[in-house]
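The values are calculated or read from the model by the stated rules, or taken from the named source; none is laboratory data. Quick caveat, the model's predicted, so the values are computed rather than measured. Note that each Cβ is placed from the backbone with ideal geometry, even for glycine, and that neighbours are counted across all protein chains shown. We work out accessible area using only protein heavy atoms, side chains counted, and drop any ligands, DNA or RNA first. Shrake-Rupley method; radii C 1.70, N 1.55, O 1.52, S 1.80 Å.
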Amino acid sequence: MADKLTINDLFKDFAKHTREDWKKIASTENEGKDPDKTLTWKVGSLPGKAYYDKNDLPASSFQLSPAKNSFLGNRTWHNLPVVTVTSEKKANHLALNHLQNGADGILFDIRDSKSLDIDQILEGIEWPYCMISFKSGENSFDALKDIPAFIKKKNWKPETISGFLLW
């Protein structure tokens, strides 16, 4: 039975080349000019070269620190449907429906709300188990002032609450 090929076997027939090999060939195709100078480009503040190899890697590569939540990981995306609040009861009903159908949380758009009944809008929603966020504006800032008292009243630990405020 034939041995399995590895990815490295695909390149075994190709000769190894260096940056200097590339510079020689590129300069002959570039009227003898230095290809590092003539083929380098810049868009805004982002420079680019015509040739890169492993020697161009930075000394320390970009790595995210280990995830605190091993299930979600460092590159977590949350499914947060937007619920525009015109009525707290309707918004709550929509939010519960989204959460029961797989949403990770809700982004409540309260920009047109001058006051907000936080008890009504979050009725039946266990905030420690989902992400609750708000899209606010100048008119709705006062609507958010009751959130800390609401969290305390529910006896939820602040470190279990996740979400953000867009303002």
Problem set entry | With DNA, RNA and ligands ignored, accessible area of residue 86 (1.4 Å probe; Å², nearest 10) | 120 Å²
Exercise. Which whole-number value in Å² is the accessible area per residue of the chain, probe 1.4 Å?
Worked result: 79 Å²
Seminar exercise, completed: Sorting 142, 36 on solvent-accessible surface, 1.4 Å probe, most exposed first, gives 142, 36
Exercise. With every protein chain left in place, what is the accessible area of residue 38 in Å² (1.4 Å probe, nearest 10)?
Worked result: 60 Å²
Exercise. Hey, what angle do you get for helix 19-28 against the long axis of the chain, alpha-carbon based, 0 to 90 degrees rounded to 10?
Worked result: 70 degrees
For this session: Please work out the C-alpha center-to-center distance from segment 84-104 to segment 108-167 and express it in whole Å.
Result: 13 Å
For this session: Under a 10 Å cutoff between Cα atoms, tell me which one of 44, 124, 102 has the largest fluctuation in the Gaussian network model of the chain.
Result: 44
Seminar exercise, completed: Karplus-derived 3J(HN,Hα) from phi for segment 35-52 (6.51 cos²θ - 1.76 cosθ + 1.60, θ = phi - 60°), whole Hz, x at Gly and Pro, runs x, 5, 8, 7, 9, 7, 10, 8, 10, x, 9, 9, x, x, 10, 7, 9, 10
Exercise. Around residue 162, which amide H atoms from residues at least 5 apart in sequence, or from another chain, sit under 5 Å from its own amide H, with H modelled in the peptide plane?
Worked result: 132
For this session: Give a residue-ordered list of calculated ³J(HN,Hα) values for segment 151-160 (Karplus: 6.51 cos²θ - 1.76 cosθ + 1.60, θ = phi - 60°; whole Hz; x for Gly, Pro).
Result: 4, 5, 4, 7, 6, 8, 6, x, 6, 8
Exercise. For the chain, what does -39500 (n - 2.57) per DSSP helix run (n ≥ 4), summed and divided by total residues, give at 222 nm, in deg cm²/dmol to the nearest 500?
Worked result: -6000 deg cm²/dmol
Exercise. What longest range of the chain stays clear of loop-exposed GluC sites (Glu not before Pro) (DSSP non-H/G/I/E/B, at most 12 other C-beta within 10 angstrom)?
Worked result: 32-125
Exercise. Ignoring ligands, DNA and RNA, how do 154, 54 rank by accessible area with a 1.4 Å probe, largest first?
Worked result: 54, 154
For this session: Enter the angle in degrees (range 0 to 90, nearest 10) between the Cα long axis of helix 88-100 and the first principal axis of the Cα atoms of the chain, meaning the one along which they spread out most.
Result: 50 degrees
For this session: Using every pair of alpha-carbon atoms in the chain, split the distances into 10 Å bins beginning at 0 and state the percent of pairs per bin, rounded to integers.
Result: 8, 23, 17, 11, 13, 15, 11, 1
